[in-house]
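J.: If you scroll down you'll find the structure; I have some questions about it.
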Amino acid sequence: QVQLVESGGGLVQAGGSLRLSCTASIRISSSLFIAWYQQAPGKQRESVATITNVGSTNYADSVKGRFTISRDSAKNVVYLQMNGLKAEDTGVYYCKLRISLRDYWGQGTQVTVSS
């Protein structure tokens, strides 16, 4: 059973930083990719950053230059460093892991950016 647990969310002022963590119950090196998604209030979940099993990264245009996705394979953790936070970054952040053509989601962590 694959389990993902997000942590690190909270309330921060605009311009501040947070680092989110996604801890997996399996070796993340065996996954195809892991992604962070944002679900803003009243909106659909959208991908903000992805890291593949070979370390390639991809970002939504809205977060390029501000967010950084990284991983620690020894700890089975994927991070999302969020700098220069804006009010529009508010939402619940989920991590998603794809392995063997299946997607697994965590329960999410709330990020609130006050302007």
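What follows draws every value from the coordinates through simple rules; no lab data is involved. From a predicted model like this one, the values you see are computed outputs, not experimental measurements. Cβ sites come from the backbone with ideal geometry, for glycine too, and all protein chains shown count toward neighbours.
J.: Segment 3-39 to segment 61-115: how many Å between their Cα centroids?
T.: 4 Å
J.: Could you name the aspartates and glutamates whose alpha carbon sits less than 16 Å from that of LYS64, not counting residues in the same chain fewer than 8 places away?
T.: Counting by Cα, and skipping residues close in sequence, LYS64 has these aspartates and glutamates nearby: GLU46, GLU88, ASP89.
J.: How big is the charge dipole of the chain about its Cα centre, in debye rounded to the nearest 20, if each Lys and Arg gets +1 on its Cβ and each Asp and Glu gets -1 on its Cβ? Display every interim value, and only then the final one.
T.: Working: 12 positive and 7 negative charges, 42 e Å.
Using Cβ point charges on Lys, Arg, Asp and Glu, the chain gives about 200 debye.
J.: Need the list of lysines near LYS75 for cross-linking: C-alpha distance under 20 angstrom, and skip anything on the same chain fewer than eight residues off.
T.: Counting by Cα, and skipping residues close in sequence, LYS75 has these lysines nearby: LYS96.
J.: Report the Stokes-Einstein translational diffusion coefficient (µm² s⁻¹, integer) for the chain, Rh taken as the Kirkwood radius over Cα pairs, at 20 °C with viscosity 1.002 mPa s. Can you show the working numbers first?
T.: Values: Rh = 13.9 Å.
For the chosen part, D equals 154 µm²/s.
J.: Tell me which residues come under 5 Å, amide H to amide H, from THR90 once H is placed; ignore anything under 5 positions away on its chain.
T.: VAL113
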